[in-house]
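Okay, structure first, notes after.
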Amino acid sequence: MTMELLERGPFLQTLAEYAGQARQGTGRLVLVSGESGMGKTMLLEAFQDSSPDARWLWGGCDGLLTPRPLGPLFDIGAQVGGELAALGRDGAPRDQMFTAFLTELGTGAPFTVAVLEDVHWADEATADLLSFLGRRLSRSPVLLVATYRDDELAADHPLRMVLGDLATQRATRRMRLPPLSRDAVATLVGSRDIDAAELHRVTGGNPFYVTEMLAAGWPSVPPTVRDAVGARLARSAPATRQLVQCAAMIGARVDRSLLATVADVAAPAIDDRLLTGILTADGRGLRFRHELVRLAVTESVTPHRKVELHARLLAELEQRGGADPAVLAHHAEGAGDDKAVLRHAPQAARRSAALGAHREAAAQFERALRHAAGRDGATLAPLHEGLALEYSLLDRWHEAEQPLRTALRLRRELGDGRSVGENLRMLSKTLWRLCRGEESEQAAFEAVEVLEALPPGPELAWAYANLSSFYMVWGRTAEAVAAGAKARDLGERLDQPEILSEALNSLGCALVIAGQGGLEPVRQALRIALDGNLHEAAGRTFCNLQSLGTALNEFDEAERYYTQGMAFCEERQLGVYSTCLSGGRAWALLLAGRWDEAAQIAGDMLKSKLASPVNRMNPLQVLGTIRGLRGADGGWELLDEALALAEGTGEPQWIVPLRAGRAELHWLSGNPGAALREARSGYELGRGYVHQWALGSVAIWLARAGEPVRPGPGLPEAGGPGRRLPEPGSSEPGLPEPYARELAGDWAAAALAWQQAGRPYDAAMAWLGSADEAGLRQALTVFDDLGARLPAAAARRRMKELGIRAIPRGPRPATKAGPAGLTAREQEVLALLAEGLPDREISRRLFISERTVHHHVSAVLGKIGVSSRTAAAREAARLGIGAPA
């Protein structure tokens, strides 16, 4: 073993095992992580030397301020040629490139090893590529290795989410390289008169730092990589030093002919001069031994020399043609060439956006604007519009507002009415996301007014679609349908499928809210979006289908659209919609009685602080409700924040459910007056403007707080005068069955209807007004299983009022602090999982429904951190959990 690979033998052996599995057709994705300098590349090079029969493909991400999208894929395309290279040259859609790459990996005998280096620098498109491959490798003769620095991933880095998803895939394996031990450093020191223990302390055992310090004559120079590399360069001839500096400005991988041209040396002279050990041969090109070395070299270049080299590189790459616009924009900025930046950065932004790399697209527009001072409105307006669009897709709506307003001002000055109308529509959408309802409404109407004064075009169709959406969320069905029909008709006439999808989306949602069906138009909107590869339209429609499924208690449908939608949106970095889907799933899990999972999702979303105001409302209400019902701290603060945002929108669809949840907490806390005020406020606002299930959620609390409504015909009426809900067939729908049954005093039928709807907590709540001992005991069990202290206390009070004896005391402290936070019921389920029992048998053993078993199993797997029933059985043995008696 070479000195550099000390203590890496076990990792080589493990890689060989994964390679053996890949040779047998069981592909593997190996995620190799470690701090910078841990020897990830050297490990793979050593492994390559030991695998001469494999075909090796290498690609790497760039350390540019704004990385080029799909950099590793283009690197590999240049190596293999053929269809993959042709697709890259022709600017093909990334889906085609992904598929072509997967096909390429499956060719070659006996198997292929593909390396994607430095994916901590990955753009969104490269992160999506990694996710795409990770899901499809398990049956391919491929070993895919991705290296990254796990200490350099920001909280919002797209790779974090991808890594979490890949961890659940069968093909994925992880490998983290640790620092060298003190003994290994002593071995490297050898007979030198150096304190190995001190060197280990200073370098932290980082192999790269250790070898660089030794090569530079440590400790005669300060212990930093920059100074170590500087010391090595200082011993080189001036011509060699200049050549290395020129190479560093090119990038991590260096094209020999480009280096020769820019450095003005003959190509054969390059190898003679590069004797410093800093650059090594890499196929037909060169590469730096480590990115830290390249960065250290660039720091040694004087500012005026950097500008000169960037200018030379820009001129040469422009003359050659075919260079990535992101690379050209990088050199243009380095050269201080404003005109060149404005030529290449917008092009790089558009290309990044087309590949789904919206973070990079936004960064390129930002770059362009930094160099656009003094330019005219015709130049500046599209840059601001492009930046605002990319911010919106990243769910960065606060940042989108200002560039939109700037673009709007510039378009007004230019007299460009169509663009003014389009920017007003986008501003309306942005203000809605920021929970500023009145301003959003004003912009929506103004957009239509401006565009109706011009010959009809796509901009007017979009404005009608936006207005339809605005009416829809207000429950103004007739107006939503009218505006949506105008958008649909104009979209069809102009052959604009994206507008047609948007119009059908809003139309369908409006009809559902009005209780007039409507799901089929929304499904049709999704089909149009997917068939047309319309990313944003598809993302929004997935969100609406998930939300409608949850609103109608069709939780399996909601889960299906969540799963499909998340895969679609994450692969295309549509952060605004993937965040919306996550919040919607938290709400669905809350209603379905899967509180621990709901709280986990909501808590994670709120911790990240990345969601826009509209996308924060669901997690705020979910976590606030769960904390409140469990008697934990912080519930009301979350609900207050959610209500402030909801009232900012002015929309009943957000306000009504929040009023219902707040009424519930007040009532359970012994404050029926406050509960009545909350319910009354929500009911008056929601009548005629929200779907029947949302209206029922406040109507039932009016009744429970002492001001009952009366059910529609066909059901017995509750006692007392009360309000009467509109009859079926009138302008507003009547109450759904579970609410109507409870109002009629039929608690058993109400509870059964809630169970059939898949909402066990609401079924338990329906029993609280009854005198049925069995029903109350059943409700109490549900509350205790959920940890719902407030409703459990209410149930016990009710049982005491009725004189019921032997009331269960509730979970004992030992149960609450069960292994891995498991409830007593979850421990029983885990024990039966350990016996290998299917859900049907667990259901029979525990006298609960299969659906409830499924929910418990999901919660158990999440809490103990495993992804399979087999792994759960092993964890049960470790925790000492046995089968229930």
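Centre-to-centre separation between the Cα atoms of the stretch 57-92 and those of the stretch 24-52: 20 Å. Semi-axes of the equivalent ellipsoid of the stretch 288-381 are 24, 17, 13 Å, computed as sqrt(5λ) over the eigenvalues of the C-alpha gyration tensor in descending order. Protection proxy ranking, highest mean first, for peptides 73-82, 419-428, 43-52: 419-428, 73-82, 43-52, where packing is the per-residue count of other beta-carbon atoms within 10 Å, averaged.
As an equivalent ellipsoid, the stretch 464-536 spans semi-axes of 19, 13, 9 angstrom, where each value is the square root of five times an eigenvalue of the C-alpha gyration tensor, largest first.
Report summary: the helix-based calculation at 222 nm, which adds -39500 (n - 2.57) for every DSSP H run with n ≥ 4 and divides by the residues of the chain, gives -20500 deg cm²/dmol.
Please say if the stretch 20-82 is rounded, prolate or oblate, where rounded means a/c under 1.5 for a ≥ b ≥ c the square roots of the C-alpha gyration tensor eigenvalues, and otherwise the choice is prolate for a/b larger than b/c and oblate otherwise?
Values: a/c = 1.93, a/b = 1.26, b/c = 1.53.
Oblate shape, in that a/c is at least 1.5 and b/c is the bigger or equal ratio.
Peptide packing: for 828-840, 345-357, the average count of neighbouring Cβ atoms within 10 Å per residue gives the ranking 345-357, 828-840, highest mean first.
Each peptide in 134-142, 588-596 gets a packing score, the mean of other Cβ atoms within 10 Å over its residues, and the list from highest to lowest is 588-596, 134-142.
As a ratio to 2.2 N^0.38 Å, the alpha-carbon radius of gyration computed for the stretch 341-385 takes the value 1.07. All other residues whose Cβ lies under 11 angstrom from that of Leu623 are scored, Lys and Arg at +1 and Asp and Glu at -1, for a net of +1. Taking the stretch 279-319 and a reference point 7 angstrom along Cα→Cβ of Asp264, the backbone N atoms nearer than 19 Å belong to 301-319.
Summing Cβ point charges (Lys, Arg +1; Asp, Glu -1) relative to the Cα centre of the chain gives a dipole of roughly 1720 debye. Grouping the Cα pair distances of the stretch 118-209 into 10 Å bins from zero gives a pair-distance distribution of 14, 34, 21, 20, 10, 0 percent in increasing distance order.
Nonpolar atom fraction for the chain, defined as the carbon and sulfur part of the 1.4 Å probe accessible area, stands at 51 percent.
A simple count of charges around Arg796, restricted to other residues whose Cβ falls under 14 Å of its Cβ and scoring Lys, Arg +1 and Asp, Glu -1, yields +4. In the chain, the DSSP beta bridges split such that about 20 percent are antiparallel, to the nearest 5. For the stretch 426-582, the spherically averaged projection of the C-alpha convex hull amounts to 8.6 nm². The dipole here belongs to the stretch 77-136: it is taken about the Cα centre, uses +1 on the Cβ of Lys and Arg and -1 on the Cβ of Asp and Glu, and is about 200 debye. Across the stretch 88-95, computed HN-Hα scalar couplings (Karplus, 6.51 cos²θ - 1.76 cosθ + 1.60, θ = phi - 60°) run x, 5, 8, x, 5, x, 5, 4 Hz from first to last residue, x flagging Gly and Pro. When the trypsin sites (Lys or Arg not before Pro) in the stretch 356-389 are filtered for DSSP coil states and for at most 16 other beta-carbon atoms within 10 Å of their beta-carbon, the remaining sites are Arg375.
Determine the shape class of the stretch 1-112: with a ≥ b ≥ c the square roots of the Cα gyration tensor eigenvalues, call it rounded for a/c under 1.5, and otherwise prolate if a/b is greater than b/c, oblate otherwise. Cα axes put the stretch 1-112 in the oblate bin.
A convex hull fitted around the alpha carbon atoms of the stretch 738-813 yields 77 Å³ per residue. The convex hull drawn around the Cα atoms of the chain, when projected onto a plane and averaged over every direction, covers 41.8 nm². Pairs from the table (Lys306/Lys339; Lys607/Lys863; Lys40/Lys306) lying more than 25 angstrom apart at Cα are Lys40/Lys306.
The residues of the chain expose, per residue, 41 Å² of accessible area to a 1.4 Å probe. Note on the stretch 410-465: semi-axes of the ellipsoid equivalent to its C-alpha gyration tensor, largest first and rounded to whole Å, are 19, 12, 8. Over all projection directions, the Cα-based convex hull of the stretch 333-470 averages an area of 8.4 nm². Across the chain, C-alpha contacts under 8 Å between residues 6 or more apart give a mean separation that, scaled by the residue count, equals a relative contact order of 7 percent.
Both radii come from the Cα set of the stretch 652-707: Rg as radius of gyration, Rh as Kirkwood radius; their ratio Rg/Rh reads 0.94. Between beta-carbons, use under 14 Å as the cut-off and find the net charge around Glu492, counting Lys and Arg +1, Asp and Glu -1. Once positives and negatives cancel, what remains is -1. Per the Kirkwood formula applied to alpha carbons, the stretch 516-618 shows a radius of gyration over Rh ratio, Rg over Rh, of 0.97.
The values are calculated or read from the model by the stated rules, or taken from the named source; none is laboratory data. All figures in this text were calculated on a predicted structure; none of them were measured in a lab. As a convention, Cβ positions derive from the backbone with ideal geometry for all residues, glycine included, and neighbour counts pool all protein chains shown. For accessibility, only protein heavy atoms count, side chains too; no ligands or nucleic acids. Shrake-Rupley method; radii C 1.70, N 1.55, O 1.52, S 1.80 Å.
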